[in-house]
Amino acid sequence: MTGVLCNDIHSKLNPTRVARVLRPASEAEVVAALKKAAGEGMAVSICGARHAMGGQQFGEGTLLLDLSHLTEWGELDRERGTVEAGAGLKWPELIDGLHARQAGEEKVWSIRQKQTGADDLTLGGSLAANIHGRGLNLCPIIGDVEAFTLVDAAGVPRRCSREENAELFRLAIGGYGCFGVITSVCLRLTPRIKLERLVEVTTIERLMPALEQRMANGCLFGDFQFSIDERSPDFLCRGVLSSYRPVEPEREMPEQREELERHHWEELIRLAHDDRAKVFEVYSSFYLRTHGALYWSDTHQLSVYLDDYHSQLDHECGTEVPASEMISELYVPRDRLVEFMAAAAERLKDGAVPVIYGTVRLIRRDEESFLAWAREDFACVIFNLHTEHSEAGIATAAEAFRALIDLALSFGGSFFLTYHRWARRDQIERAYPRFAEFLRAKLVHDPDGRFQSEWWRHHRELFATP
Ligand SMILES: Cc1cc2nc3c(=O)[nH]c(=O)nc-3n(C[C@H](O)[C@H](O)[C@H](O)COP(=O)(O)OP(=O)(O)OC[C@H]3O[C@@H](n4cnc5c(N)ncnc54)[C@H](O)[C@@H]3O)c2cc1C
């Protein structure tokens, strides 16, 4: 069979055979690849680190441009606090590179936010999904972007910012690769500071008042990791609230502190599958021991990601059907969070799709991107659901996710498009009222459909009738 079989890293539920893969390492190589593809009438898909889970980065039969080699650096502007960085750079490379460029300097500029739970995600992929981290007062990453260069369907590089090609700026951030290849990004930075972690075990009812109190006391980051034991009254209710407060720069950073190492994560993941009551005990007691510990504002956002952990787990458990965790992120108005979590617990308590991990975070409204998911200051609820890779297993998980989306919508909320493409059309239309307009704008900017992914093809079909 010709072509190259690709799949996403985390869910492994998107096997797609692309015609071939090219790895351009400069803007000039991207331009040349797109001009050649246009000459051959070839559709192009675009990938970074392959973590999106709805087929956004691959298209059957397409030429796949893997942009993870676009790692060139431009200017670090210490006056404005910005850096020009290649779209293929992953967060650890970006953070390390920023530190190396400012070695020995008193004020060190670094990133404002990145995703939690995985680090090896590219800047291009992060813009394309308009990602967020665990900032308590931040809007999605569009707020951290000054400008970027996008090579469009005609193979022409265009600088996009709020002043220049402003429509493309708003479309391509959160546009899932439908409008072109982002080659380089001018990212807004923030001075790196020391933070103290504050930890308490609390309940969902007390969470919003506690977070408001923490924010009033200056905390900049935080999340609430809730109990996943569906047999306990604590399910989706009791959790570990960690928040991070700036401290005086003179405070000494410890050489060593207690960290969750790879083997701890392996154990926690195994427990999350086998003993969901115990995992909370182990996890919360670790976090409580770190109350008062100091961290840097950039590196505390990094975390351990265990590559391919589920294959190992499947092997150890001797399961016949492989499985992985599918993620979903639901958004609800903050004053409806308690009701939403109670209703979600009711829906998930039968354990048909076990919750393996979940958190609550906050987001500030995004007033800029075309397909904004943060339509208001929402609470964000993340569920990792165990999904068996059988027809029945996938159907059960998809049904659970659709039910959770219905719940979020019933409270005036929304959901993230990056994790799967199981939402119904009516759900997409309610969460993203401009989705049909988004598809039309894609055709205006890319009339020949040069950029195609399974995700875009799916939505083109779904919205084919008016
Ligand atoms: C374990 C895990 C944890 C996660 N945690 C978070 C989180 O905390 N917060 C959050 O917001 N998201 C989170 N995500 C989602 C993740 O941030 C997005 O799926 C992101 O798009 C993945 O980036 P990537 O580099 O892997 O891109 P890919 O998966 O390769 O591509 C994703 C999209 O970006 C497009 N793209 C990639 N590079 C470019 C480029 N150079 N130019 C134009 N388009 C491009 C692709 O076409 C595709 O549409 C998580 C995902 C996983 C698997």
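Apart from one condition, Val185 fits all of (1) surrounded by 24 or more Cβ atoms within 10 Å (Cβ to Cβ); (2) assigned by TED's automatic domain parsing to the domain that holds Leu268; (3) in contact (Cβ under 8 Å) with a residue 60 or more places away in the chain; the exception is (2). The set of residues in the stretch 36-60 being away from the ligand (no atom under 13 Å from the Cβ) and closer than 24 Å to His10 by Cβ consists of Glu60 alone. Based on what the data block shows, is Leu63 free of Cβ contacts under 8 Å to residues at least 60 places away in the same chain, surrounded by 20 or more Cβ atoms within 10 Å (Cβ to Cβ), farther than 25 Å from Cys186 by Cα and more than 9 Å from the ligand (Cβ to nearest atom)? Yes: the conditions hold for Leu63.
Where in the stretch 148-215 are the strands (runs of 3 or more DSSP E), entirely inside, with at least 1 residues that are of a type in the set (Asp, Glu) and away from the ligand (no atom under 16 Å from the Cβ)?
Details: elements: 157-161, 181-188, 194-203.
In the stretch 148-215, 194-203 are the strands (runs of 3 or more DSSP E) which contain 1 or more residues that are of a type in the set (Asp, Glu) and away from the ligand (no atom under 16 Å from the Cβ).
Entry remark, the stretch 382-421: residues being farther than 25 Å from Leu362 by Cβ, free of Cβ contacts under 8 Å to residues at least 60 places away in the same chain and of a type in the set (A, V, I, L, M, F, W, C) number 3 in total. Evaluation of Gly97 against the conditions (1) of a type outside the set (Asp, Glu); (2) under 23 Å from the mean Cα position of the chain (by Cα); (3) surrounded by 20 or more Cβ atoms within 10 Å (Cβ to Cβ); (4) assigned to a helix (DSSP H, G or I) shows that the sole unmet condition is (3).
Quick one: how many residues across the stretch 1-35 are within 14 Å of the ligand (Cβ to nearest atom), in a helix (DSSP H, G or I) and surrounded by fewer than 21 Cβ atoms within 10 Å (Cβ to Cβ)?
Taking the stretch 1-35 as the starting set, the residues that turn out to be within 14 Å of the ligand (Cβ to nearest atom) are 6-14, 16, 18, 21-27, 29-31, 33-34.
Adding the requirement that they be in a helix (DSSP H, G or I) leaves 27, 29-31, 33-34.
Narrowing further to those that are surrounded by fewer than 21 Cβ atoms within 10 Å (Cβ to Cβ): 27, 29, 31, 33.
Looking only at that region, the number is 4.
For Asp8, indicate whether it is closer than 24 Å to His458 by Cβ and among the acidic types (Asp, Glu). In short, yes. Exactly one residue out of Arg450, Arg457, Arg365 is under 30 Å from Lys114 (Cβ atoms), in contact with a helix residue (DSSP H, G or I) (Cβ under 7 Å, 6 or more places away or on another chain), of a type in the set (D, E, K, R) and at pLDDT 95 or above, and it is Arg450. For the stretch 101-119, the tally of residues that are more than 16 Å from the ligand (Cβ to nearest atom) and at positive phi stands at 1. Of the residues making up the stretch 349-374, those that are surrounded by fewer than 17 Cβ atoms within 10 Å (Cβ to Cβ) and within 16 Å of the ligand (Cβ to nearest atom) number 1.
The values are calculated or read from the model by the stated rules, or taken from the named source; none is laboratory data. Because the structure is predicted, anything quoted here is derived from the model rather than measured. Ideal geometry is used to build each Cβ from the backbone, glycine not excepted, and the neighbour counts take in all protein chains shown.
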